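This report refers to the structure that appears directly beneath it.
The values are calculated or read from the model by the stated rules, or taken from the named source; none is laboratory data. For clarity, every value in this text was computed on a predicted model and none was experimentally measured. Using ideal geometry, Cβ is built from the backbone for each residue, glycine included, and neighbour counts are taken over all protein chains shown. Accessible surface areas use protein heavy atoms only, side chains included; no ligands, DNA or RNA. Shrake-Rupley method; radii C 1.70, N 1.55, O 1.52, S 1.80 Å.
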Amino acid sequence: MRRARLSISSFKHGRIAVQVICFLLLLWGTEKIWEYCVFDDTMEEARAVMYDFYRQDKIDNLFLGSSHVYFDIHPQVMDACTGEANFNLSTPFQPLIASYYLLREADRRYEIKNVYLEMFYGVSVMDSDILYNWRVYDYMPLSFNKLEYVLAAGDAEDIYLGFFKARRTWQNVFEPGKVAEIVKKKRGEDYQNHRWVKINENGTEYFVPGGFLYTEYRPDVDMHEMAKEPVPFADSPMAAEPERYLRKILDYCKERDINIILFSSPVAETELSKKTGHDRYREKVEGIAGQYGRAYYDFSLCREEFLDLSDDGLWRDPHHLNVWGAQTFTEAFYRMLLAGQGTDPKMYFYESYAQKAREAEGWQIE
């Protein structure tokens, strides 16, 4: 009798387990159908970049950061310069918490030799917005690294919405026209093949292999004539979360014996003029890098004889270069930081914004 009772009990437990699994599969399937109909990521840059990332044969040198990277560093030009495989694992306004988990993701899949982390001040002066983390881990396959990232990036509601993307845009279900539009775009060839293409009156932009956004856009107006709205940096030029994850990135590279260089892409003078006190931010990043024996280079401080981006025709907008500017900058990046054996790269840069304001003709930013 006892054996019979155990068999019945085991059968009940097994049936409950099957029911739970079936419920979860039904929930997952329903979410995926809903997501396809109401969650519009057809113009999400990170989707194209992450798809390309997971399909690389090898990555020797990894570039991390915001849109400044995928507009400014041309990985195919860098491949030709270095003879190695370079990849821009950059996403729009990439928070440093995202850079940290993407570094781990890359390191567990590829033999990473060098990491180049772009330090756009915009992602350092405030803690990360969950939107910019969703745009990264939405396209990471399930793993312990992703789970840790999801749990670290937000509160309970953010975690729930991280796993149920359709819930973020649930209101679209009440707009049949919107649903039809989303489904039509997702059935298109570009979406099906994970391509990102944008066409407007300025021309065409699209991602090419390696995580580079090819654009021939040029500014519509003279950038030097744009309105200047000076706003000082906050009392602390780096918020708590970005500093914590910058240190975690530096610690990780030290533990894994990965060389890392910190840099800031150049931005136009008209953009720099909107923030005053850049030297305080530079000093903060330099100080942290120095504690780990690492270097930081701000290419907005590059001397004109080594990197001349004064021609508006090299820019897409005050923050980003176009394809011609990217080639110029990528070649200069290689020449100044990677090719010069025994040369101190600091010779190519002004020591501070204050020094550049004193010495560079026409420069006014301090």
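Specify which of the listed residues (I130, I112) is buried (at least 20 other Cβ atoms within 10 Å of the Cβ), β-branched (V, I, T) and within 30 Å of S300 (Cα to Cα). If you could, list the steps in order and put the result at the bottom.
Values: I130 fails: buried (at least 20 other Cβ atoms within 10 Å of the Cβ).
Sole residue among the options that is buried (at least 20 other Cβ atoms within 10 Å of the Cβ), β-branched (V, I, T) and within 30 Å of S300 (Cα to Cα): I112.
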Number of the exception - Q76 against (1) surrounded by fewer than 17 Cβ atoms within 10 Å (Cβ to Cβ); (2) in contact with a Gly (Cβ under 8 Å, 6 or more places away or on another chain); (3) of a type outside the set (D, E, K, R); (4) not in a helix (DSSP H, G or I): (4)
Qualifying residues in segment 251-278 (those that are closer than 18 Å to C302 by Cα, in a loop (DSSP other than H, G, I, E, B) and at pLDDT 90 or above) - the one nearest to the chain's Cα centre (by Cα): S265
Pairs, first surrounded by 15 or more Cβ atoms within 10 Å (Cβ to Cβ) in segment 342-355, second of a type in the set (D, E), C-beta under 8 Å, six or more apart: F349/D298; Y350/E359; S352/D279; Y353/D279; Y353/E366
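Do we have A152 as surrounded by fewer than 17 Cβ atoms within 10 Å (Cβ to Cβ), over 26 Å from Y191 (Cβ atoms) and of a type in the set (A, V, I, L, M) here? If you could, list the steps in order and put the result at the bottom.
Details: surrounded by fewer than 17 Cβ atoms within 10 Å (Cβ to Cβ): yes; over 26 Å from Y191 (Cβ atoms): yes; of a type in the set (A, V, I, L, M): yes.
Yes; evaluated as a whole, the condition is true for this residue.
Taking the condition closer than 26 Å to P75 by Cα, at pLDDT 95 or above and outside any strand (DSSP E or B), does L246 pass? Spell out how you get there, then give the answer.
Numbers: closer than 26 Å to P75 by Cα: yes; at pLDDT 95 or above: yes; outside any strand (DSSP E or B): yes.
Answer is yes for this residue.
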Of all residues in segment 334-355 being of a type in the set (A, V, I, L, M, F, W, C) and within 16 Å of L307 (Cα to Cα), which is modelled with the lowest pLDDT? A339
If I go through segment 229-243 residue by residue, how many of them are among the small types (G, A, S), under 22 Å from the mean Cα position of the chain (by Cα) and part of a loop (DSSP other than H, G, I, E, B)? 1
So K186 ticks every box in (1) of a type in the set (D, E, K, R); (2) more than 19 Å from V69 (Cβ to Cβ); (3) open to solvent by 20 Å² or more (accessible area, probe 1.4 Å) but one. Which box is left unticked? (3)
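Listed here are the residues, each with its yes/no results for (1) within 21 Å of E241 (Cβ to Cβ); (2) touching a Phe, Trp or Tyr at 6+ places or on another chain (Cβ under 7 Å); (3) part of a helix (DSSP H, G or I).
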residue: L142; (1), (2), (3): no, no, no
residue: K146; (1), (2), (3): yes, yes, yes
residue: L151; (1), (2), (3): yes, no, yes
residue: E157; (1), (2), (3): yes, no, yes
residue: W170; (1), (2), (3): no, no, yes
residue: E181; (1), (2), (3): no, no, yes
residue: K184; (1), (2), (3): no, no, yes
Failed criterion for F93 (all others in (1) in a loop (DSSP other than H, G, I, E, B); (2) out of contact with any Gly (no Cβ under 9 Å at 6 or more places or on another chain); (3) within 19 Å of V49 (Cβ to Cβ); (4) not hydroxyl-bearing (S, T, Y) hold): (2)
So for segment 304-315 (the condition being touching a Pro at 6+ places or on another chain (Cβ under 9 Å), at pLDDT 95 or above and in a helix (DSSP H, G or I)), does at least one residue qualify? no
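What's the total number of residues in segment 280-309 that are of a type in the set (D, E, K, R) and crowded, with 21+ Cβ neighbours inside 10 Å? Spell out the reasoning first.
Step one: list which residues in segment 280-309 are of a type in the set (D, E, K, R), which gives 280, 282-284, 286, 294, 298, 303-305, 308.
If we keep only those that are crowded, with 21+ Cβ neighbours inside 10 Å as well, we get 282, 298.
Looking only at that region, the number is 2.
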Tell me which residues, restricted to segment 189-228, are surrounded by 10 or more Cβ atoms within 10 Å (Cβ to Cβ), at pLDDT below 90 and in a loop (DSSP other than H, G, I, E, B). N202, R218, P219, M226, K228
Return only the number of the condition from (1) open to solvent by less than 50 Å² (accessible area, probe 1.4 Å); (2) touching a residue at least 24 places away in the same chain (Cβ under 8 Å) that E331 does not satisfy. (1)
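Residue by residue, here is whether (1) within 18 Å of F263 (Cβ to Cβ); (2) out of contact with any Pro (no Cβ under 6 Å at 6 or more places or on another chain); (3) among the aliphatic types (A, V, I, L, M) holds:
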residue	(1), (2), (3)
N88	yes, no, no
Q94	yes, yes, no
L103	yes, yes, yes
S124	yes, no, no
